[in-house]
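What follows is one structure encoded as structure tokens, with my remarks underneath.
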Amino acid sequence: MSAVLEIPFFLISWNFAVNVASPFFNLYMLKYLHMNFFEIAFYVQVISNIATLFSVRIWGRFTDRFGNKPVAALTTLSVTFLPIIWCFTTPGNWIVVVPIIQILAGIFWPGIDLITNNLLLKLSPAENRSLCIGVLNFFLGVFGVALAYLLGGALLERVVPLLNTLSKSFFGWQMNPYYYVFILSSILRFLTFKILLPRVEEEGAGSMRAVARAILGKLRP
């Protein structure tokens with residue numbers, strides 16, 4: 001794969017992996033967890049934004065110190081399995097599990113947003129930067145968002161009902177229709193992290209372990 005294409009392929013693949021499930025979390029909370037709109041706004045948006053306030057500056061310092069790639073590795077790996085945690089939420093435990101998910105999302109997603117912007121800037125030559133970013137955002141919108149939404153919707157409409165006619169449980173685990181797109185999102189996120197991110201080249205970048213050690217060092221009393 002050409003070095004010029006490594007960053008776009010990673011960004012498009014990551015956005016696709018995320019957005020194949022992203023439209024359905026609110027529906028899942030409304031329909032199956034029986035949360036109301038106030039609870040969704042508070043437990044999803046407010047708690048996540050509070051966590052973001054404490055983490056956003058840290059990621060900026062770490063990208064300056066270690067580079068974009070190791071921060072991308074740590075943050076993408078950290079949110080890879082969040083959709084699967086949704087599969088363990090119930091109307092009886094969501095008030096504990098959902099805030100935990102949103103705190104983790106609020107901590108790690110700002111790092112992903114930051115390295116996405118940095119990689120876009122790195123990819124674009126100074127002379128035609130706005131044009132390059134515009135073109136890449138077009139492809140992100142078409143393949144990373146619209147196509148992902150269509151696939152997620154098609155799975156829920158066509159494939160999941162077929163799977164449920166075969167079996168509604170998996171090794172005794174009762175399968176909610178939305179679990180399929182949540183699990184698919186986690187699998188695609190992991191594949192992007194494992195296969196495409198290592199191909200992104202960044203001169204002088206540190207390691208994911210170095211970033212993790214720096215975080216643990218900050219957490220120690």
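The values are calculated or read from the model by the stated rules, or taken from the named source; none is laboratory data. None of the values given here were measured: they were computed from a predicted structure. Every residue, glycine among them, receives a Cβ derived from its backbone with ideal geometry; neighbour counts consider all protein chains shown.
Within this structure, residue 107 fails the test of being part of a helix (DSSP H, G or I), under 13 Å from the mean Cα position of the chain (by Cα), crowded, with 18+ Cβ neighbours inside 10 Å and free of Cβ contacts under 8 Å to residues at least 24 places away in the same chain. Filter the range 188-214 for residues that are in contact (Cβ under 8 Å) with a residue 24 or more places away in the chain, β-branched (Val, Ile, Thr) and in a helix (DSSP H, G or I) and give the result. If the condition is that a residue be in contact (Cβ under 8 Å) with a residue 24 or more places away in the chain, β-branched (Val, Ile, Thr) and in a helix (DSSP H, G or I), then 192, 211 are the ones that fit. Can you confirm whether the range 181-194 contains a residue that is within 24 Å of residue 18 (Cα to Cα), surrounded by 15 or more Cβ atoms within 10 Å (Cβ to Cβ) and at pLDDT below 90? Checked the range 181-194: no residue is within 24 Å of residue 18 (Cα to Cα), surrounded by 15 or more Cβ atoms within 10 Å (Cβ to Cβ) and at pLDDT below 90. When 52, 75, 89 are checked against the criterion of being out of contact with any strand residue (DSSP E or B) (no Cβ under 7 Å at 6 or more places or on another chain) and not in a helix (DSSP H, G or I), a single residue qualifies: 89.
Taking the numbered list (1) among the aliphatic types (A, V, I, L, M); (2) at pLDDT below 85; (3) within 19 Å of residue 49 (Cβ to Cβ) in turn, residue 105 passes all entries but (2).
A residue that is surrounded by fewer than 13 Cβ atoms within 10 Å (Cβ to Cβ) and either of a type in the set (Gly, Ala, Ser) or assigned to a helix (DSSP H, G or I) (or both) cannot be found anywhere in the range 16-26.
Looking at the range 27-49 only, could you name the residues that are among the polar types (S, T, N, Q) and in a helix (DSSP H, G or I)? First the steps, then the outcome.
Residues of the range 27-49 that are among the polar types (S, T, N, Q), as a first pass: 36, 45, 48-49.
Within the range 27-49, 45, 48, 49 meet the criteria.
Residue check: residue 116 meets all listed conditions (1) modelled with pLDDT of 90 or more; (2) under 15 Å from the mean Cα position of the chain (by Cα) but one, namely (1).
The single condition from (1) of a type outside the set (D, E, K, R); (2) part of a helix (DSSP H, G or I); (3) modelled with pLDDT under 95 that residue 83 fails is (3).
Within the range 38-51, the residues that satisfy the criterion of being crowded, with 18+ Cβ neighbours inside 10 Å and within 14 Å of residue 113 (Cβ to Cβ) are 48, 51.
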